[in-house]
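Below: one structure, written as structure tokens.
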Ligand SMILES: Cc1cc2nc3c(=O)[nH]c(=O)nc-3n(C[C@H](O)[C@H](O)[C@H](O)COP(=O)(O)OP(=O)(O)OC[C@H]3O[C@@H](n4cnc5c(N)ncnc54)[C@H](O)[C@@H]3O)c2cc1C
């Protein structure tokens, strides 16, 4: 039995996302000609173009013209527990791939440690050891993992790949960073926000931490 921390890792993001969003948005206003760049720099590295694109995208955000953000995507690898993953996959406008308890057989069970009092911790640890023993016994008795999994707890570690467009990430973050969200999903989504705020797309997410 091992206890692990939750973790969010960015796997992939649309290249030059702000320039792409500007390109898509300018079609609406037929102002693509404003994107002409006379500087001989590789795409995405001209400071003047980035400044113009950011100004344009800021205007889209202010107008609430958020559908244009749907052209850019980010894919994250998330490590969390089964309870939190169940909340995450309620978000429908995303693509997911998740570790399967039907096909994966656990010898050593990884779990995410919940916030519990020192007083309850010994009982919690005992219960988890018992869970691990029962699971191992069921597997030794020849039960396939898809049946033995019934005894596994909500705090079982799971891994998900989650892809969503920027508009949907904004929606998810606004719900899951809120004080009313579960502390564990909040903490995981703060990791996601932190990564996005340090990415090329930071300006799309800065307003989420302004209140
Ligand atoms: C604090 C908190 C507590 C919660 N408690 C519970 C609970 O007790 N029980 C429970 O069952 N769930 C609970 N949820 C989950 C919640 O009800 C939503 O299922 C979840 O947050 C997914 O968000 P969403 O529905 O906004 O949209 P997403 O699936 O993320 O979709 C994004 C947006 O697309 C639009 N959309 C998507 N699908 C449709 C559709 N079919 N029709 C119309 N518009 C659509 C909506 O505008 C939606 O906001 C809770 C969520 C939070 C944040």
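What follows is calculated from the coordinates using simple rules that are stated; it is not laboratory data. What you see is a predicted model; the values in this text were computed from it and never measured. Using ideal geometry, Cβ is built from the backbone for each residue, glycine included, and neighbour counts are taken over all protein chains shown.
Quick check on my filter: what residues within region 60-92 are more than 15 Å from the ligand (Cβ to nearest atom), part of a loop (DSSP other than H, G, I, E, B) and touching a strand residue (DSSP E or B) at 6+ places or on another chain (Cβ under 7 Å)?
Within region 60-92, just 72 meets the criteria.
Search region 157-170 for residues being surrounded by fewer than 18 Cβ atoms within 10 Å (Cβ to Cβ) and more than 16 Å from the ligand (Cβ to nearest atom), and hand back the single one that is nearest to residue 3 (Cα to Cα).
159
Find the residue count for region 171-185, including only residues that are surrounded by fewer than 18 Cβ atoms within 10 Å (Cβ to Cβ) and part of a helix (DSSP H, G or I).
4
If you go through region 171-190 one residue at a time, how many are near the ligand (Cβ under 6 Å from one of its atoms) and farther than 21 Å from residue 93 by Cα?
Residues that pass the stated criteria total 1.
Just wondering, is there one or more residues in region 121-132 that are within 16 Å of the ligand (Cβ to nearest atom) and outside any strand (DSSP E or B)? I'd like the intermediate steps shown before the answer.
Step one: list which residues in region 121-132 are within 16 Å of the ligand (Cβ to nearest atom), which gives none.
No: region 121-132 contains no residue that is within 16 Å of the ligand (Cβ to nearest atom) and outside any strand (DSSP E or B).
Picking from 33, 16, which residue would you name as being farther than 30 Å from residue 187 by Cβ and surrounded by 15 or more Cβ atoms within 10 Å (Cβ to Cβ)? Write out each step before concluding.
On the way: 33 fails: surrounded by 15 or more Cβ atoms within 10 Å (Cβ to Cβ).
The unique qualifying residue is 16.
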